[in-house]
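Just below is one structure, and these are the notes that go with it.
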Amino acid sequence: MNRTKAYALFDRLRVAQLRLASLALIVMMVVTLLDVFLRYVFNSPIHGAYELVEAMLVVFVFHGMSTAFLKRRNIVIDLIDSFAPRTLVVALIRFTDLLSIATIALFAYAMITPALQSYSYGEVKMDLQVPIWYFWATALLGIAGTILCAIGALFAPADPHHTDEPV
Amino acid sequence: MAASTIGAIGVLALFTMLFLRVPVWIALTLVGFIGNSIMLGVMPTLALAGTVPFDVGASYNLSVLPLFILMGEVASETGLSSDLFKAARVALAGIRGGLAIGALAASACFGAVCGSSLATAATMTRIALPDMRKAGYDPGLASGALAAGGSLGILIPPSIILVIYSAISEQSVPRLFAAGLVPGLLLTAFYMLIVVIVTHFRKDYAPLGGSATMRERLRALKGTWQFLALFFVTIGGIYAGIFSPTEAASIGAAGAIALGIAGRRLSFAALQRSIEGTVVTCGVLFVIVFGANLFSFFMVQTQLPGLLAAGAHAANLSGPAVMVLIVIAYIGFGCFLEAIGMLLITVPVFLPLVTQFGYDPVWFGVIVVIVAEVGLIHPPVGLNLFVIQAHAPDIKITSIYRGIVPFLFAPLLLLVLMFFFPQIALWLPKLFYGAG
């Protein structure tokens, strides 16, 4: 498989996660809006709206990160670009690609234990009565996709201006 | 090794990594992780690193962030900025410098809704700069006004940077939004005053244009109703205690979408762009907040802020002297750090220090945002200046530098006033929510 085809595969995963996060954002907005409307007009807010927003935020945050990783959108101070040789800048980009994978994987590894604890303790959300480990699993799935997208960045050219392309 | 020495090495390592092009979130995370591992041990640090992302990513309070960003993205797509500038241009017709003052007013309004300084500067440059140049305005004055105006949105609520400050300083979002309003309006007024002063002495910088009747001015102001509706429903709702920040942000985002669709100015593709833009922006922000939390915890362990405070006391430095040094440091950081990164890196160190000297954390939040604004416009590296040059490559960067210089006095004057009259920021939160 050549680099372009491999990158395209990672990009498909990114787009899927981006759409999932977009959907979560819309649900978050609509649920809050309906909750306010029903509360003020019918004095009958949505039961568990608060927790539903929290659940959607988990989907939004952990699945929404992958684009920033694959497209190298994370904020960098690119002061060095103006005076360092291009080869050094390219090497630094490659190095930070690896660092990016390692650091996000570190978070994922660290999250496994509390996720398993949440599963074994059988904690549930107070209003929705949904097990909290569902939220952890969603977060871990999102972060796993993000790790793959961070790996996918290795297949993209290490061009300092690569980040300018549209999502 | 003393804890404070480890902290100082950590801060040094952080800046070294940033200089070497390591993304802000990685630098914060690695320094936080390694530092906490040295201070507490690896296992407790792993436990911390495991819970921080989930606590942040499942925090209802932070749901306000994507919703306000969505409102801004949609407002950018629907041409709200153009309506605001048209209204300001006609309302101020016949006044010398009216176009520049109008661009500042429109930037302040649009920036408040949009929340992004760079987006405001870019959008308003596209809309207002051609009119100003056609009217014979000096390119330096025109670009200076647009760069300065672009920076206003990060202070006038709803301010994304204040939401992020609230997350790391554990201050209330409504209180911070109330604190940012008066300084934001004052800064807008100061920028306008600078245009008046400059054009008074250099009449050739802004030739007088045609006037307008009172009827035309009033009719033009009607064009701002969409902005007014969004602003009053969201910010008014928060101030009045009718909505929580998340609810207000949802209403604002849904309102911006509804107005865009009703006015046939928001296509499905544009809506999709706005939503996806929000996801990407937040993806970038949330990982930084993960890292900032770890870094912040590390700073607490090292007691570095306490050591800095002790050093300041030992050197007989008064509170105002410490604040002046902090502001100077921020202006220096603003040369190479972007606003949110600067906030997340520095607040864990500086906030405990300033509170030890008796300063209000809400007041400090507003100060930090004002210095971040200075960082966006001060030569040679203010990002807004480059945004304007990117949109008008025929204007020399030296002209833009010359044009921005008078505008730099406005935030500096505001900072001085805030030192002597902290009530500028604090009276509105106190009025709405009582003593903190």
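Summarising the amide proton neighbourhood of B:Arg21: residues at separation of 5 or more, or on other chains, whose placed amide H is nearer than 5 Å comprise A:Ile77. Find which of B:Leu187, B:His200, B:Ala254 sits farthest along the positive direction of the dipole of the range B:165-268, computed with +1 on the beta-carbon of Lys and Arg, -1 on that of Asp and Glu, about the Cα centre. My answer, from the dipole projection, is B:His200. Derived value for the protein assembly as shown: Kirkwood hydrodynamic radius 24.9 Å. Basis is the mean of 1/r over every pair of different alpha-carbon atoms.
Here the average projected area of the convex hull drawn through the C-alpha atoms of chain A stands at 12.3 nm². The range A:37-55: which residues show an accessible-area loss of 40 Å² or more, assembly versus chain alone, 1.4 Å probe? Those residues are A:Tyr40, A:Tyr50, A:Glu54.
Look at the stretch B:25-36: the mean tally of other chain Cβ atoms within 10 Å of its residues' Cβ atoms is 3.
Which of A:Asp127, A:Asp11, A:Asp78 moves the most in a Gaussian network model of chain A with Cα springs under 10 Å? Fluctuation is largest for A:Asp78.
Burial of accessible area (probe 1.4 Å, heavy atoms of protein chains only) in the range A:8-24, relative to its chain alone, reaches at least 10 Å² for A:Leu18, A:Arg19, A:Ser22. Looking at the range B:190-347, the pairs of alpha carbons with a distance over 27 Å make up 60% of the total. Evaluated on the range B:71-185, the Kirkwood hydrodynamic radius is 14.3 Å, with distances taken between all distinct Cα atoms. Within the same chain, aspartates and glutamates fewer than 8 places from A:Lys125 are excluded, and of the rest, those with a Cα less than 20 Å from its Cα are A:Asp35, A:Glu51, A:Glu54, B:Asp55.
If you count, for every residue in B:47-53, the Cβ atoms of partner chains within 10 Å of its Cβ, what is the mean?
Counting other chains' Cβ atoms within 10 Å and averaging over B:47-53 gives 6.
Shown in residue order for the range B:413-429 are the 3J(HN,Hα) couplings computed by the Karplus curve 6.51 cos²θ - 1.76 cosθ + 1.60 at θ = phi - 60°: 4, 5, 4, 4, 4, 5, 5, 7, 10, x, 4, 3, 8, 9, 6, 5, x Hz (x for Gly and Pro). Amide H to amide H distances under 5 Å link A:Val124 with A:Ile132, where only residues 5 or more positions off or on other chains count and H is placed in the peptide plane.
Excluding ligands, DNA and RNA, what is the solvent-accessible area per residue of the range B:74-153 at a probe of 1.4 Å, expressed in Å²?
On a per-residue basis, 23 Å².
For the range B:63-81, a reduction of at least 10 Å² in accessible area between the chain on its own and the assembled protein chains (probe 1.4 Å) is found at B:Ser63, B:Pro66, B:Leu67, B:Leu70. Given a 1.4 angstrom probe, I'd like the percentage of the accessible area of the protein assembly as shown that is carbon and sulfur, rounded to a whole number. Of the solvent-accessible surface of the protein assembly as shown, carbon and sulfur hold 69 percent.
GNM on chain B, alpha-carbon springs under 10 angstrom: the most fluctuating residue among B:Ala75, B:Ala103, B:Ala329 is B:Ala329.
Cross-link partners for B:Lys134 among the lysines, with Cα-Cα distance under 17 Å and sequence neighbours closer than 8 places in the same chain left out: B:Lys86, B:Lys203. Picking from A:Arg86, A:Arg73, A:Arg94, which is most flexible by a Gaussian network model of chain A using Cα springs under 10 Å? Residue with maximal mean-square fluctuation among A:Arg86, A:Arg73, A:Arg94: A:Arg86.
When A and B come together, around 5000 square angstrom of accessible surface is lost from both chains combined, probe 1.4 Å. Peptide packing: for B:394-404, B:258-268, the average count of neighbouring Cβ atoms within 10 Å per residue gives the ranking B:394-404, B:258-268, highest mean first.
Applying Stokes-Einstein at 20 °C and 1.002 mPa s to the Kirkwood radius of chain B, computed over alpha-carbon pairs, gives a translational diffusion coefficient of 96 µm² s⁻¹. In whole angstrom, note down how far apart the Cα centers of the range B:416-435 and the range B:1-53 are. Rounded to whole Å, the Cα centres lie 35 Å apart.
The values are calculated or read from the model by the stated rules, or taken from the named source; none is laboratory data. Not measured: the values here are computed from a predicted model. Every residue, glycine among them, receives a Cβ derived from its backbone with ideal geometry; neighbour counts consider all protein chains shown. Ligands, DNA and RNA are excluded from the accessible area calculation, which covers all protein heavy atoms including side chains. Shrake-Rupley method; radii C 1.70, N 1.55, O 1.52, S 1.80 Å.
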